[in-house]
Amino acid sequence: MTTASTLDFDVETLRKDFPILSEKVHGKPLVYLDNGNTSQKPRQVIETIDRYYRAMNSNVHRGNHFLSQQATAALEAARRTVQTFINAAEDREIIFVRGTTEAINLVAFSFGELDIREGDEIVISAMEHHSNIVPWQMLCARKKAVLQVVPVNDDGELEMDEYENLLTDRTKLVAITHISNTLGTINPVKRIIDLAHERGAVVLVDGAQSVPHLAVDVRALDADFYVFSGHKVFAPTGIGVLYGKAKLLEAMPPYHGGGAMISSVTFEKTTYNEIPFKFEAGTPHVEGIIGLGAALEYVNSIGLDAIGEHEHDLLGYATEALETLGGVRIIGTAREKASVISFMLSGASGAIHPHDVGTILDNEGVAIRTGHHCTQPLMKRFGVPATCRASLAFYNTREEIDTMIRALGKVQKMFA
Ligand code: 7TS
């Protein structure tokens, strides 16, 4: 039976901010446990975008009329909100991009042009999302550089001794995820960054899964690049952030050419704009940026400490409930974990394919993700083709976990 969370966190009131959470799916109340994939949006974000289109819509940085000035001011205010949210030193260190994937590609291309040469080494880990693998492979192919991979132990933690061994004078860049989208592991990024810096390498942290769950301080971490997607942190899709230290961004060549990123253009010679604009060619995703600002302010109003505590409670509750159910193998048992649980389910007659589990749960209104979660090398490491994954947000409840567990019990009966 469910016992109320002992934490002072008014989840029921917060849930009312998310219109979609009162929807029904297949006639059942929606239980949304696919937050690692994308998060739901609070009315504060939806209404901000609505207001933008009703009263402010205009292009930015290029008009002196009233609306253009309003839209530009709102966009630049959102940039400062992002700056404060991750404690960047300056707002010009915040580059708006489409998402984590584009941010990593930008760095792989642009930093790659600046500083990667034949024989240089780039270090990633075995738990990276494909978007923190493939751009580096492409860069290595272009520059004849070498990709090195930090292995993961049976609990889904990075092998830090191996990491230290991989760092050499040839290491130019380390690209590592803060939190694994598949295992939930929280990596020791501060230590990873310090060790890389001792070798003179720069570090990109993939924060796609961390910004919704824990307070990020890029200056305390001393991260050179920190990237994340808006849509996983309650903001719209199509907007994301590349944080980079000003010195690095200033030295890097632009990624895209076009409007807004120039200072002057003639057919003979073009000079580039200052950062951040040098990396923001073309009309930006204005409503996305303003929506992102609203989302981060919303998160601030709840507080990441409170969010973290509630999610930690849910993670413990869900882990215990899965163990009690039986026939469950949890993949990812790191000591430091965020609210992501990957698992394999078995019935009396053996393993049940995650896709079957996902389909049956969907019929019960429960949304989880099944598949390789864009981490195929990690699936290979754990010897599974796919997993079931429940990824929790602060608006999830113990009751929803109970619903998932009951649905998993049904699956086991069907496969008995
Ligand atoms: N890095 C990590 C750690 C991620 O979890 C994801 C998306 C990305 C990068 C790519 O983000 P995008 O917004 O540019 O697509 N992860 C997932 C997931 O776990 N399920 O669906 C998408």
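Things worth noting here:
- Label point distance in nm, ALA89-ASP362, each placed 7 Å from Cα along Cα→Cβ: 4.9
- Overall, the accessible surface of the chain at a probe of 1.4 angstrom is composed of carbon and sulfur to the extent of 51 percent.
- Stretchable slack from ASP115 to ARG51, in nm (0.36 nm times residue separation minus alpha-carbon distance): 18.7 nm
- Scattering from the chain was approximated by placing one identical point on each alpha carbon and applying the Debye formula without solvent; log10 I(q)/I(0) at 0.11, 0.12, 0.14 1/Å stands at -0.85, -0.99, -1.27.
- Residue pairs, from the table LYS28/LYS337; LYS41/LYS247; LYS28/LYS413; LYS337/LYS380; LYS16/LYS232; LYS41/LYS245, whose Cα atoms sit over 26 Å apart: LYS28/LYS337; LYS41/LYS247; LYS41/LYS245
- Projecting the Cα positions of ILE360, GLY332, VAL82 onto the charge dipole of the chain (unit charges on Cβ atoms of Lys, Arg, Asp and Glu, taken about the Cα centre) puts ILE360 furthest along the positive direction.
- Accessible surface, per residue, of the chain when the full set of protein chains is kept, probe 1.4 Å, Å²: 42
- Nearest 10 degrees, 0 to 90: helix 100-115 Cα axis against the chain principal axis: 40
- Acute angle (nearest 10 degrees) that the helix 43-55 long axis makes with the longest principal axis of the chain, alpha-carbon atoms: 40
- Formal net charge of residues neighbouring GLU23 (Cβ-Cβ distance under 15 Å; K, R +1; D, E -1): +1
- The loop-placed trypsin sites (Lys or Arg not before Pro) in region 21-88, going by DSSP, that have at most 11 neighbouring Cβ atoms within 10 Å of their Cβ come out as ARG62.
- Each of VAL299, GLY282, LEU248 was scored by the projection of its Cα onto the charge dipole of region 174-300, and the greatest displacement toward the positive side belongs to LEU248; charges sit on the C-beta of Lys, Arg, Asp and Glu.
- Rounded to 10°, Cα long-axis angle of helix 286-302 versus longest principal axis of the chain: 50
- Scanning residues 5 or more positions from VAL97 or on other chains, those with amide H under 5 Å from its amide H are GLY240, VAL241, LEU242, with H placed 1.01 Å from N in the peptide plane.
- Stretchable slack from GLN44 to ARG170, in nm (0.36 nm times residue separation minus alpha-carbon distance): 40.6 nm
- Kirkwood-type radius of region 24-173, with distances r between different C-alpha atoms, in Å: 19.5
The values are calculated or read from the model by the stated rules, or taken from the named source; none is laboratory data. Everything numeric here is computed off the predicted structure, so don't read it as measured data. So basically every Cβ, Gly included, is an ideal-geometry build from the backbone, and we count neighbours across all protein chains shown. Accessible surface is based on the protein model in full, side chains and every heavy atom, while ligands, DNA and RNA are left aside. Shrake-Rupley method; radii C 1.70, N 1.55, O 1.52, S 1.80 Å.
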